[in-house]
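Taking it in order: structure first as structure tokens, then the write-up.
The values are calculated or read from the model by the stated rules, or taken from the named source; none is laboratory data. Since this is a predicted model, take the numbers as computed values, not measurements. Cβ sites come from the backbone with ideal geometry, for glycine too, and all protein chains shown count toward neighbours.
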Amino acid sequence: MTHSVLSVAEIGKLIRAERKRQKILQQDLADLSGISLHFLSNLENGKATVEFQKVLLVFRSLGIELQLITRQVEEDRS
């Protein structure tokens, strides 16, 4: 499944939805990812000051693959 996300809040919603889909408790995901429950809660709530490396750890724990795609803007601004 592919998702386009443009904000930390959208990433948080994606993580929360996937965690719930997999029936994983927040504390269990935090332990599995090696992060604190407080950090995971902030992430799921879209707090913009999260550490990106920890976000990647959560993705890995949930089996989410991050792919970055560049958009061509105004034909690469000739």
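Quick notes
- Single residue of the stretch 49-62 satisfying the filter (part of a loop (DSSP other than H, G, I, E, B) and β-branched (Val, Ile, Thr)) that is modelled with the highest pLDDT: Thr49
- Residue among Glu65, Glu74 that is modelled with pLDDT under 95 and farther than 21 Å from Ser7 by Cβ: Glu74
- Contact map, the stretch 20-36: first residue closer than 11 Å to Val58 by Cα, second residue small (Gly, Ala, Ser) and surrounded by fewer than 14 Cβ atoms within 10 Å (Cβ to Cβ), Cβ cut-off under 9 Å, separation 6 or more or different chains; pairs are Ala30/Ser36.
- Only one of the listed residues (Gly12, Gly46) is in a helix (DSSP H, G or I) and of a type outside the set (A, V, I, L, M, F, W, C). That residue is Gly12.
- Selection count, the stretch 15-30, where residues are within 22 Å of His3 (Cα to Cα) and in a loop (DSSP other than H, G, I, E, B): 3
- In the stretch 31-43, of all residues being part of a helix (DSSP H, G or I) and not hydroxyl-bearing (Ser, Thr, Tyr), the one that is surrounded by the fewest Cβ atoms within 10 Å (Cβ to Cβ) corresponds to His38.
- Across the stretch 1-30, the number of residues qualifying as surrounded by 11 or more Cβ atoms within 10 Å (Cβ to Cβ), of a type in the set (Val, Ile, Thr) and either within 13 Å of Ile64 (Cβ to Cβ) or modelled with pLDDT of 90 or more (or both) comes to 4.
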